[in-house]
Amino acid sequence: AEYCRNYTFKNGKKGYLWSLGEALDAYHNKAKINKAMKKIGGTAIKDTWYYTSTQYDESFAWEVGWPYGDRNYNNKNNALPIRVVCAL
């Protein structure tokens, strides 16, 4: 989350770590997001598990499996990818 808070996009907007709800919304719009990323010269979001900012409890956080929209919780000490996002 700290890395995301310290990230600044090229348009000057500050980043943050997406919540479980935001990650699931993004998953449900996966095809549109990947199409938009291609238009701007970006790459599709990689099919893997991503942490979210939504906590399960003090030791675990929710994660979303990008390939299928699965959700699970994982120990915060494990290394998983994150996605930096910003408000439009």
Open item on the list: I need the peptides 30-42, 47-59 ranked by packing, meaning the mean over residues of other C-beta atoms within 10 angstrom, with the highest value on top.
Closed with: 47-59, 30-42
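Viscosity 0.692 mPa s, temperature 37 °C: Stokes-Einstein D of segment 32-79 from its Kirkwood Cα radius, in µm² per second?
Working: Rh = 12.0 Å.
Estimated via Stokes-Einstein, D reaches 274 µm²/s.
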Task: With Cα atoms, 0 to 90° folded angle of helix 30-39 axis to the chain main axis - done: 40 degrees
TODO: Output the relative contact order of the chain, whole-number percent, from Cα pairs under 8 angstrom with separation of 6+ residues.
DONE: 30 percent
TODO: Could you tell me whether the chain comes out rounded, prolate or oblate from its Cα gyration tensor? Rule is a ≥ b ≥ c as square roots of the eigenvalues, rounded for a/c under 1.5, then prolate if a/b exceeds b/c, otherwise oblate.
DONE: oblate
Task: segment 52-66 - phi-based ³J(HN,Hα) in whole Hz, Karplus 6.51/-1.76/1.60, Gly and Pro as x - done: 10, 7, 7, 7, 8, 7, 5, 10, 10, 10, 6, 10, 10, x, 4
Task: Cα→Cβ-extended label distance, 7 Å offset, between residue 77 and residue 29, nm - done: 3.7 nm
TODO: Using a 1.4 angstrom probe, figure out how much accessible area segment 45-88 has per residue, in square angstrom, rounded to the nearest whole.
DONE: 64 Å²
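Subtract the Cα-Cα distance of residue 13 and residue 44 from 0.36 nm times their separation in residues, and report this length gain in nm to one decimal.
Working: separation 31, 0.36 × 31 = 11.16 nm, distance 2.09 nm.
Gain on extension, residue 13 to residue 44, equals 9.1 nm.
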TODO: Round to the nearest 0.05 the FRET efficiency obtained for residue 56 and residue 87 when R0 = 22 Å and r is the Cβ-Cβ distance.
DONE: 0.35
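The values are calculated or read from the model by the stated rules, or taken from the named source; none is laboratory data. Computed from a predicted structure; not experimentally measured. FYI the Cβ positions are ideal-geometry reconstructions off the backbone, even for glycines, and counts take in every protein chain you see. Just the protein is used for accessible areas: all its heavy atoms, side chains included, with ligands, DNA and RNA removed. Shrake-Rupley method; radii C 1.70, N 1.55, O 1.52, S 1.80 Å.
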